[in-house]
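Note sheet for the following structure.
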Amino acid sequence: MSLKKSIILASILAIHGCSLNSVPLLDLGSDKKKSDSEQPKFGKADGKGGSFTKVMPDFKSLAPLYDLGFEGDFDQGLIAYNDKNYRRALVEWLPLAKEEDPRAEYYIGLMFMNGLGVEENYDQGILWLKLAANRDYVDAQFELGRAYVSGVKIEQNLDQGIRWLLSAAKKGHAGAQFSYGLLNQQDKVPLSSDLMALYKQSRSKTFNFTQAAKWYTLAAEQNHAAAQSNLASLYRVGIGVQQNNEEAFKWYTNSANQGVIDAQYNLGLMYEQGIATPMDTQRALFWHTKAAEQGYLPSQQRLPFLQKMLETLKTSLVLYGGTLASTTRKNLRQRLKSNFANPLREQDNYWFDIYESSKLLKSTDRLFVGYSLQTDQVASLEYRFPSHNAPNYVLQIIELINDKYGLPFESKGDLNFGEVKYSWKAKDTIITVTRYWPDTTVYLSYKIGDAYRQMVSEMPENAKEIEYNIKFETY
């Protein structure tokens, strides 16, 4: 601080008979209002929560400050503010506020609203924000919009809040863009708003989500973490935007790296299930742990399952985001449906579920899933390839399994004629490719170790007949 400035500040303190830490507080009055022609074109002028009437503070008590030529320094005030020396920040900003500097008005408003260096006075804080907002100070418009939308310590006014948020959003404020997008997603943009009048005839869920995606994208591109997470969710399910797992993965990653819990959880699921990325249980565990450490219950509940998966990775095959040895009926049902399997039959008190499987595995039409009724563990999976009297089709399936698991330990039958059976052992699972005759239908089956043996032990003596009838009934 310069010598002149030090002398001025000392003089001010002497005039008020106080120390630096007891500089008198500002008293906001309501000396005058703008004429009707000068009023902002939006909002009510009824003196209630929605009024944008300009109210000037009373600077008379600080007249000696200006008489002495003390001009104030915004940057010095900001340094003091960040150091939590709020009284000093106020001394620097008051002269600027008198000269209608919206930056100073905005920060003084925050100080009153939060009781920083002054006694908390939310109403006076709002008045200061209005002064800055009416001068197009975008941060003030955002804070004012949030205040009116939330209705905390102020009468809620969605119409006024949304107008301020939209004004700030259009000027590129990422927080306002996110907030306005969220209000659209929640269908909270009131139809009474003049700004929405053009959309009264076309408002719909699709319109709301399209608007949400538009504003989330603008905020996400400015690295707004919550907007990135919400945008990713829209891409994941295809609402408001075209479904795109790659875009979802990208935005979840950006958001999760900034600590957003929902994004960490959903990114963990994508790694867990191999969606838009190679399946990686270690990465899934990493992101679920991050979310769990922040108290997120769904991630906390997944940790034991993922830890069990890691323990069984060496001994069990991985399919649809989990090791077969650690997969229960409930887990697998959820995963199959998330991969667009269409359930034809699901019964908790029966060994087999049946799905239409064309979106799970190319060229298949059915998936039969067997479970142990006692343990609820998955015991077998069998895909059906309807080959329509194409005897050599079985070769394609055999080569597919050979490429992944090597040569079979067993091969029976003539590939050119009659029934054929080839078998592989992969960890705890026996994989079998079977061609029946004369229809040449091909089946690819997985029988999972102890769980399969347990299921078979639970079934009656005519178990083979039961399995045959199940396959026959699905034609």
For the structure I just gave you, tell me whether Asn349 is surrounded by fewer than 20 Cβ atoms within 10 Å (Cβ to Cβ), on the phi > 0 side of the Ramachandran plot, part of a loop (DSSP other than H, G, I, E, B) and more than 34 Å from the chain's Cα centre (by Cα).
no
Please go through the stretch 249-277 and give me each residue that is small (Gly, Ala, Ser) and either in contact (Cβ under 8 Å) with a residue 40 or more places away in the chain or in contact with a helix residue (DSSP H, G or I) (Cβ under 6 Å, 6 or more places away or on another chain) (or both), ordered by number.
Ser255, Ala256, Ala263, Gly268, Gly274, Ala276
Give all pairs with beta carbons closer than 6 Å in which a residue from the stretch 130-146 that is closer than 17 Å to Ala169 by Cβ and without any contact (Cβ under 8 Å) to a residue 40 or more places away in the chain meets a residue that is surrounded by fewer than 24 Cβ atoms within 10 Å (Cβ to Cβ) and among the polar types (S, T, N, Q); count only pairs at least 6 apart in sequence or on separate chains.
Gln141/Ser167
Do any helices (runs of 4 or more DSSP H) entirely within the stretch 203-264 hold 3 or more residues that are charged (D, E, K, R), and if so, which?
245-256
Identify, please: which residue in the stretch 303-330 is part of a helix (DSSP H, G or I) and touching a residue at least 60 places away in the same chain (Cβ under 8 Å) and is, among those, nearest to the chain's Cα centre (by Cα)?
Leu324
Sort through Lys330, Lys314 and tell me the only one that's out of contact with any Ser or Thr (no Cβ under 9 Å at 6 or more places or on another chain), at pLDDT 85 or above and of a type in the set (D, E, K, R).
Lys330
Take Leu127 and decide whether it is in a helix (DSSP H, G or I), modelled with pLDDT under 95 and exposed (fewer than 14 other Cβ atoms within 10 Å of the Cβ).
no
Residues (loosely packed, with under 13 Cβ neighbours inside 10 Å and of a type in the set (D, E, K, R)) located in the stretch 420-452:
Asp439
Given the criteria charged (D, E, K, R), surrounded by fewer than 17 Cβ atoms within 10 Å (Cβ to Cβ) and either closer than 22 Å to Gly449 by Cα or in contact (Cβ under 8 Å) with a residue 24 or more places away in the chain (or both), does Glu246 qualify?
yes
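The values are calculated or read from the model by the stated rules, or taken from the named source; none is laboratory data. Treat the numbers as computed from the prediction; the structure is a model and nothing was measured. As a convention, Cβ positions derive from the backbone with ideal geometry for all residues, glycine included, and neighbour counts pool all protein chains shown.
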